[in-house]
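A short write-up of the structure that comes next.
Please treat every number below as a calculation from the coordinates, not as lab data. Quantities reported herein were computed from a predicted structural model and do not represent experimental measurements. Glycine gets a Cβ as well: all are built from the backbone with ideal geometry, and neighbour counts include every protein chain shown.
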Amino acid sequence: MMLEILRHIVQEVNAAQGLGDALQIIVRRVRDSMETEVCSVYLRDPISGRYIFQATQGLNQELVGVASLAPGDGLVGLVAEREEPVNLENAESHPSFQFVSGIGEEPFHSFLGVPIIHQRQVLGVLVVQQAQARRFDESEEAFLVTLSAQLAGVIAHAQVTGSVDIGIETGAAAAKITGVAGAPGVAIGTVVVVTPGADLYTVPSRQAADRRKEVRAFRDALQNVREDIQVVADNLGGELSSEDHALFDVYLNILDDSALGAEVVARIKGGEWAQGALSQVMIEHIRHFERMEHSYLRERAVDVKDLGTRVLSYLQEADQEVISYPERTILVGEELTASTLGEVPREKLAGLVSVRGSGNSHVAILARAMGVPTVMGAVDLPYTRLQDRELIIDGYNGKVHLNPPPELRARFQQILDEDAELSRDLESLRGEPCETPDGYRVPLWVNTGLTADATRSLEHGAEGVGLYRTEVPFLLRERFPSEEEQRQIYRGQLEAFSPKPVTMRTLDIGGDKALSYFPIEEDNPFLGWRGIRVTLDHPEIFLAQIRAMLKANEGLGNLRIMLPMISNVAELNEAMDLIYRSHRELQQEGVQGELPPVGVMVEVPAAVYQARALARRVDFLSVGSNDLTQYLLAVDRNNARVADLYHSLHPAVLRALADVAEASRQERVPIGICGELAGDPGAAILLLAMGYDVLSMNATSLPRVKKSLRNVPLGEGRALLAEVMAMDDAESINARLDDFLRAHGMEKFIHTPLA
Ligand code: PEP
Ligand code: MG
């Protein structure tokens, strides 16, 4: 019963047209379902910090948008300050009570206020009041708390959407959306919204360039769908019951010009393009059906959605070639993927914003390799409405700014200019070795995946490849590449870097890397069928890959093979057997070449504890700190909600890194690291001090790391390491590292949050 009511309210609020409408629904529905006399919402004004009386049922409507309370003032301020409910039998006798003239609270004695909290921020306060002096009971309080927790996200979203719409008309209403840092850097550019396939919910709102043409396109699409449905109905012919036949008639009626058609056309004539008009009308109808009490009718929402999607596909087919990318494109999408990045010419791609995903999602890693500032997990961004708008993205701090005031825009332009200057400075280091002032030489390698990475990496002074992610070419295709196709791709990489070493990792799919042609559906993909687990279960895939690598290596000899996600010795032994077998067979087939060095990634806590046993069986170890951090801290690297728990410099992570280095030293096996941590100028100092032989990172980070290591004598790095290893929390370690960089003239490598 309670659950039903909650579900209904949240659904209705979700379907509201804008913030005002949403708040109206909340106050009305809460008052009715709790049978109280008053329900009001106060929202925090981000500029003044005051709580503004935004909606009410039962108090004076004329003061809506006018009355307000300072933080800490009155009972509303008290709820906000304490971040917990306040439940009173007699409000006016409470010391915090403040009389707001004209609001009309006098007749109401009992008061229950709960905070509305989103991402740890108090957005406002939800209040119910009653004339009868009584305490609201426990279940009422629990109801309001539950509702408020669910509505917080919806309200936050509606607030940002509101400032987007206001901004179109007035250029005012600055909004800042918080996401997660994806790739460092700042970008100011124009939004292009990415829509994957036909999806009514992701169609951006856009002005029609030629209304008559849009109406024609819509009518053509409608006609096509009608014909398709007629064909289906005819084909099924006798197999349909009369009821099913009736359903087809209903479909055709919905599509009729006089019904849905007329609504969409009216909207196009009002200035919206055909895709936008169609999706807006369809979504309204779908919501209408979804709200029906009768389950049969509720399910019809699916049919309406299907119809709309069909019409949309036809429209999108006809519209296909129209995407032209502006000079400084900011790609914005629900879930950006590696292949969408490839569609924009690199010189036009200024930045990326993904609503889903987090800082160590693979698309973020690719963006870092390409040097494209990126914000991930911007969950409150109403991205479908942003087409052609100017946006500032702050990839250092994971923030997106909409309608920024001129001073803020100027500040970001200044950072852009400073960054460009730093890059020019660093360029002069390209030919220089990475050597500490006390003469300690460290090879800096790169992580690659895209073909274009090779040129960029060499330009940045890479001395080898520590991680070639072979899954990237797999992700960009529609089927498994054949052995020969793979050989050619691998040959390209090996040749581009020859004679420098290239470490190729065997296919690492699963987790957040799904191949469209080999879907893996699991509840816990990061703990599931991933990396070596998949390829050992499919030796045909593993063997084809190893054979392709060995063939590509013929006459070059710079290949190294690396195995991902090893969590026990048996997996390693099995993989080694397959590698030996391929090598033997190829020799019999006349392919020349020694067996290349083989190494293991240490990216699962079990591998940390077994580092010596693993090291004894291979030629090198390489720590995958991205996964190791996620597994050690039990924090999904892909989930924005827990992004602030993903501490790359958590003491547990540092301890594990140091232990693996020590194990490899005892076994006299070289140790490298190829996670993103290696690309952090401060962390690199610590890794060197721990004894890491090779640091492998994205090409963009390489010049910064080189600069940092050339600045700090190894002896000093060791002292710093000893200091931070004695610390108990990531915050202190980060702060100490920042101080250290500052003291060595490297404040440019620290980015403190901006406005
Ligand atoms: C890692 O986990 O640190 C790593 C380098 O592999 P990936 O990021 O591709 O999972
Ligand atoms: Mg990994």
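What relative contact order, as a whole-number percentage, does the stretch 441-749 give when Cα pairs under 8 Å and 6 or more residues apart are counted?
Relative contact order for the stretch 441-749 comes out at 17 percent.
According to a simple spin-label model (label point 7 Å from Cα along Cα-to-Cβ), what is the distance in nm between Asn573 and Ala719?
Once both label points are built, they end up 4.9 nm from each other.
On full extension of the chain, what length is gained from Glu263 through Glu485, given 0.36 nm per residue of separation minus the C-alpha to C-alpha distance?
Extra length from Glu263 to Glu485 when fully extended: 74.8 nm.
Can you give me the Cα centroid spacing of the stretch 349-407 and the stretch 67-101 in angstrom?
Cα centres, the stretch 349-407 to the stretch 67-101: 38 Å.
At 30 Å minimum axial length over the Cα atoms and a Kyte-Doolittle cut of -1.0, report the qualifying DSSP H helices in the chain, or say none.
Span-like helices here: 138-170, 211-236, 295-319, 406-427.
Give me the number: length gained by fully extending Arg219 to Asp199, i.e. 0.36 nm times residue separation minus the C-alpha to C-alpha distance, one decimal in nm.
Full extension of this stretch gives 5.3 nm more.
Quick one: what do you get for the chain if you divide its Cα Rg by 2.2 N^0.38 Å?
Normalised Rg, Cα atoms only: 1.09.
Just to confirm my numbers, what's the Cα centroid distance between the stretch 608-633 and the stretch 121-141 in Å?
53
Would you mind telling me the antiparallel percentage of the DSSP bridges in the chain, rounded to 5?
Counting DSSP beta bridges with both partners in the chain, the antiparallel share is about 55 percent.
What does the extension gain come out to for Glu327 and Ala743, with contour length at 0.36 nm per residue minus their alpha carbon separation?
So the extension gain works out to 145.9 nm.
Output the peptides 210-222, 602-614, 392-404 sorted from most to least packed, where packing is the average of other Cβ atoms within 10 Å over each peptide's residues.
Values: 210-222: 17.4, 602-614: 20.5, 392-404: 23.2.
Sorting 210-222, 602-614, 392-404 by mean packing, highest first, produces 392-404, 602-614, 210-222.
Using a Förster distance of 56 angstrom, determine the FRET efficiency expected from the C-beta separation of Ser93 and Ser732, and round it to 0.05.
After rounding, the FRET efficiency stands at 0.75.
Name the residues whose placed amide hydrogens come within less than 5 Å of the amide hydrogen of Ala699, ignoring near sequence neighbours (fewer than 5 apart) on the same chain.
Asn447
Run the helix sum for the chain: -39,500 (n - 2.57) per DSSP H stretch of 4+ residues, divided by residue count, reported at 222 nm to the nearest 500 deg cm²/dmol.
-14500 deg cm²/dmol
Roughly speaking, what is the centre-to-centre gap between the stretch 635-652 and the stretch 711-731 when only Cα atoms are used, to the nearest Å?
Taking the Cα centre of each part, the stretch 635-652 and the stretch 711-731 sit 21 Å apart.
Name all residues of the stretch 120-150 having a backbone nitrogen under 20 Å from the label point set 7 Å from the Cα of Glu81 along its Cα→Cβ direction, giving them as ranges.
Inside the label zone: 121-128.
So which lysines pass the test for Lys269, namely a Cα distance under 22 Å, with those fewer than 8 places away in the same chain ruled out?
Lys213
Using Cα pairs closer than 8 Å and at least 6 residues apart in sequence, work out the relative contact order for the chain, in percent.
Normalised by residue count, the contact order of the chain is 10 percent.
For an R0 of 51 angstrom, estimate the FRET efficiency from the Cβ-Cβ distance between Asp306 and Lys348 and round to the nearest 0.05.
With R0 = 51 Å, the Cβ-Cβ based efficiency is 0.90.
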